[in-house]
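Okay, so here's the structure we're looking at.
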Amino acid sequence: MAIAFGTFMASCEKDDFCTQNPVTPRLVLRFYDINDRTQPKAVESLYVWASGKDSILVNQSLDSISIPLNSIASETVYNFSKGSTVNQFTIRYTPTQIYVSRSCGFKVNFTDVSFTSNNTWIADITPTTTTIDNQNAAHVQIFH
């Protein structure tokens, strides 16, 4: 009986738990004052929604936001509304699936990231990186 139990226990696999954080990172944007480019500046009554979607992600005054990118496309378009003025903000990138582990699955990083805007109320855009592989710091500075 002890031999059978030992053989049974040896043939079992350990439970595989995801102990890593395989989160697909969001794009982090930080808003700055166009007249003093070192000072963060909140956007009053900021509304943000993905183009073609009717759900609003933000409806408040903030100096930074994080927004998801479409991991199955090479472009995501957002609309940023400040008062009655809407600015279209386009992010282009190459999504790269990364296998984390059997229990965690995959995550997606974004490389060759570039930004364009129709510059209605956004005066300037300065990328801080061309790779989005974490969400610990801003990826782009937006001046208004």
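Taken together, the values in this text are just the output of simple stated rules run on the coordinates, not laboratory data. If you're wondering where the values come from, they're calculated on a predicted model, not measured in any experiment. Cβ coordinates were reconstructed from backbone atoms using ideal geometry, including for glycine residues, and neighbour counts include every protein chain displayed.
Looking at the stretch 59-130, which trypsin sites (Lys or Arg not before Pro) are DSSP coil and have at most 16 other C-beta atoms within 10 Å of their C-beta?
Passing both the DSSP loop test and the Cβ count: 102.
On C-alpha positions alone, give me the angle between the axis of helix 2-11 and the longest principal axis of the chain, in degrees, nearest 10.
30 degrees
With +1 on the Cβ of every Lys and Arg and -1 on the Cβ of every Asp and Glu, and nothing else charged, how large is the dipole of the stretch 20-143 about its Cα centre, in debye rounded to the nearest 20?
Charge dipole, the stretch 20-143, about its Cα centre: 300 debye, nearest 20.
Once you place label points 7 Å from the Cα toward the Cβ at residue 90 and residue 77, how far apart are they in nm?
Label-label distance for residue 90 and residue 77, simple model: 0.7 nm.
So for 104, 18, fewest C-beta neighbours within 10 Å to most, what's the order?
Going from least to most buried by this count: 18, 104.
How big is the equivalent ellipsoid of the stretch 20-143 along its three axes, where each semi-axis is √(5λ) from the Cα gyration tensor, reported in whole Å from largest to smallest?
Values: eigenvalues 138, 48, 35 Å².
They are 26, 15, 13 Å, listed from largest to smallest.
Please check: in the Gaussian network model of the chain (C-alpha springs, under 10 Å), which one of 87, 79, 35 has the largest mean-square fluctuation.
Per the Cα network of the chain with a 10 Å cutoff, 35 tops the list.
Spin-label point model (7 Å from Cα, Cβ direction): what's the residue 134 to residue 56 distance in nm?
Modelled inter-label distance: 3.4 nm.
Can you give the FRET efficiency for residue 97 and residue 63, using 1/(1 + (r/R0)^6), R0 = 30 Å, r = Cβ-Cβ distance, to the nearest 0.05?
Values: r = 32 Å, r/R0 = 1.07.
Computed FRET efficiency for residue 97 and residue 63: 0.40.
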